[in-house]
Amino acid sequence: RMEASCLELALEGERLCKAGDFKAGAAFFEAAVQVGTEDLKTLSAIYSQLGNAYFYLKEYSKALEYHKHDLTLARTIGDRIGEAKASGNLGNTLKILGQFDEAVVCCQRHLDISQEQGDKVGEARALYNIGNVYHAKGKHLSWNMAQDPGYLPQEVKETLQKASEYYERNLSLVKELGDRAAQGRAYGNLGNTQYLLGNFSEAIAFHKERLAIAKEFGDKAAERRAYSNLGNAHIFLGRFDISAEYYKKTLQLSRQLKDQAVEAQACYSLGNTYTLLQDYERAIEYHLKHLVIAQELGDRVGEGRACWSLGNAYVSLGSHEQALHFARKHLEISQEIGDRNGELTAQVNMAQLKSALGLGPGDEDMGTAHHCSGYEAQGARPKRLQRNSMDSLDLLKFPSEKEAEGFVPAGSKDCLCSGSLLEMSDPSRSAFSQSPQGKDCFCSQLGGTKPFHLQGSFTSVRKSCVGSLDEECFFDLLSKFQSNRMDDQRCPLEECPSEAAEAAATLLPALQERISQSSLMASPQTEEFFDLIASSQSRRLDDQRANVGNLPGLRITHNNLGHLRVEGDAQEPGDEFFNMLMKCQVPQIDDQRCAPPDSIPRGPTMPDEDFFSLIQRVQAKRMDEQRVDLASA
């Protein structure tokens with residue numbers, strides 16, 4: 001009955017997760033783990049589903065824990081397909097945590113096993129996930145590396161090119177499999193990587209393919225992303241009017257989807273586009289809409305950016321008083337959120353506007369109350385008292401679910417590697433056990449100390465070995481100390497050859513007789529000595545066996561004990577995998593260094609990439625082309 005209740009709880013958890021209630025589903029899975037089971041296949045499926053549920057709940061540490069349990073159990077019982085899926089899920093979770101090198105190792109393991117087993121679907125998923133890891137790493141590097149406008153660092157370029165290569169391999173394979181939905185994801189991500197690499201025409205071609213497949217499936221969210229990405233790409237080709245049309249379609253779909261954050265992003269993009277088209281009245285209209293939504297969502301970063309954009313638009317219209325008001329609001333918000341660049345920009349703008357209005361540095365802007373009332377009358381709300389938006393601000397988004405195709409996370413219907421509880425008729429699994437390294441005796445550190453006699457220091461030696469409780473430590477020290485005494489008892493061979501030969505002939509028979517007698521007398525002690533060594537070494541061997549006792553929910557019985565230990569020796573992972581893992585652990589020290597603060601704060605109503613920073617990057621190339629060479633003397 002206990003077994004049935006564990007399976008029933010797990011099936012109910014799976015049903016709730018499929019219905020979208022991941023919190024309740026995780027609770028049922030946890031209850032199933034508490035009850036426990038001796039069925040290794042059931043337990044592996046529970047670990048996989050529980051890790052996926054915590055992934056969707058954004059509790060990534062717990063997701064990582066259960067996916068590790070799943071991987072350990074799959075390796076122990078020799079389930080290669082299960083090991084591949086668990087490795088893929090681990091890779092997706094590590095990517096979200098920013099551990100890109102480790103994520104690549106896990107996803108590569110997923111790919112290798114899928115190719116070994118002839119699993120084309122698993123191979124396609126692994127290729128997609130590896131591309132997604134490189135895509136996320138490229139975006140992360142471009143956000144955090146110092147770079148000049150118009151210049152893409154070589155490391156970022158190489159990383160994004162790797163992402164594009166894996167996406168192209170994935171696209172070729174899913175075309176062969178006839179998976180249209182997967183083709184749409186591949187097209188979208190290829191468009192995003194080409195966009196980041198500056199290949200805007202290629203990006204447009206890929207996004208148009210993505211848009212067609214989204215319409216084919218009626219996927220409004222994917223359609224909205226495609227329109228937004230098409231608008232971004234056309235901006236860099238100077239086709240601002242086409243971009244505005246795509247952004248309007250983005251705005252319309254975001255309202256249908258009732259996604260306020262995306263609606264605000266569309267308004268922000270439209271405001272900037274109309275600024276480029278020099279239609280400042282319409283630019284102000286959309287920036288005010290962005291400001292209203294930013295206030296409703298408590299996004300102080302987006303609110304500050306809206307005030308800055310409004311100030312620029314009012315300056316272009318010659319309304320310096322209103323521009324000064326929004327510049328002041330921009331300064332206040334920048335100081336509040338710690339945006340040093342925004343603060344300096346606002347101060348410069350305020351100084352220039354006060355000079356244009358004939359105000360001194362200490363004078364307040366005229367008619368502040370009047371402008372505030374007009375500011376509210378145009379649809380924007382006054383500043384909220386609550387200031388908790390930065391607590392929920394995610395400064396590291398990769399890849400965005402809103403503007404990028406993004407990875408398919410562990411547990412998803414299309415690209416997820418999850419073990420379904422309804423698929424319990426898998427082929428039989430062989431087992432293997434992992435063998436962690438044995439423990440080293442700490443007393444071996446005394447090997448380099450100055451030699452000393454055993455008689456005078458045996459007490460101190462015994463004290464140093466008390467903590468280890470290991471016979472090997474004692475015999476190791478005893479051997480070292482006795483070797484010194486043996487050296488002391490050796491005699492130099494200084495006799496003449498004739499005398500030495502005569503002495504050897506005389507002593508050899510007696511010596512042989514004594515050796516034979518002593519060996520007979522010492523044999524019981526020798527046997528006891530080897531028994532002690534055997535007992536000591538056996539404990540070290542036990543330490544190197546796979547430890548499955550720490551897997552929650554596992555009830556070890558005679559039925560599954562053979563799977564956990566006896567059959568495990570034939571399926572140990574190869575040295576190649578551990579070598580790759582060791583290489584990836586090398587940069588861990590660098591990963592633990594304190595990163596400098598992000599110079600451009602981001603909020604939910606702001607697009608992933610700052611619009612004007614991208615414009616600056618493109619315009620920098622044009623400025624270089626317009627420079628003239630000075631004639632030499």
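A few points about this structure:
- Separation of alpha-carbon centers, segment 248-293 and segment 326-360, rounded to whole Å: 24
- The solvent-accessible area of F100, taken with every protein chain present and a 1.4 Å probe, is close to 20 Å².
- With every protein chain in place, segment 255-321: carbon and sulfur % of accessible area (1.4 Å): 45
- Proportion of all alpha-carbon pairs of segment 137-283 beyond 22 Å (%): 47
- When the convex hull of its Cα atoms is viewed from all sides, segment 1-78 shows a mean projected area of 4.5 nm².
- Protein-only accessible surface order, largest first, of F28, F200 at 1.4 Å: F28, F200
- Over segment 73-114, equivalent-ellipsoid semi-axes from the Cα gyration tensor in Å: 19, 10, 7
- With R₀ fixed at 22 Å, the C-beta to C-beta distance from L237 to E216 puts the FRET efficiency at about 0.25.
- Q115-E281 FRET efficiency (beta carbon distance; Förster radius 56 Å; 0.05 resolution): 0.40
- Over 20 Å between alpha carbons, listed pairs K175/K215; K95/K215; K137/K258; K58/K157: K95/K215; K137/K258; K58/K157
- Two-decimal Rg/Rh across segment 293-356, once Rg and the Kirkwood Rh are taken from alpha-carbon atoms: 0.98
- Förster radius 41 Å - calculated FRET efficiency between Q347 and L57 (Cβ-Cβ, nearest 0.05): 0.45
- With viscosity 1.567 mPa s and temperature 4 °C, the Kirkwood radius over alpha carbon pairs of segment 121-177 converts through Stokes-Einstein to a diffusion coefficient of 108 µm²/s.
- Where only alpha carbons of segment 202-295 are counted, the Rg and the Dmax (Å): 13.1, 38
The values are calculated or read from the model by the stated rules, or taken from the named source; none is laboratory data. It should be emphasised that the depicted structure is a prediction, and the values quoted were computed from it without experimental measurement. Cβ atoms come from the backbone with ideal geometry, glycine included; neighbour counts cover every protein chain shown. Surface areas here come from the heavy atoms of the whole protein model, side chains and all, with no ligands, DNA or RNA. Shrake-Rupley method; radii C 1.70, N 1.55, O 1.52, S 1.80 Å.
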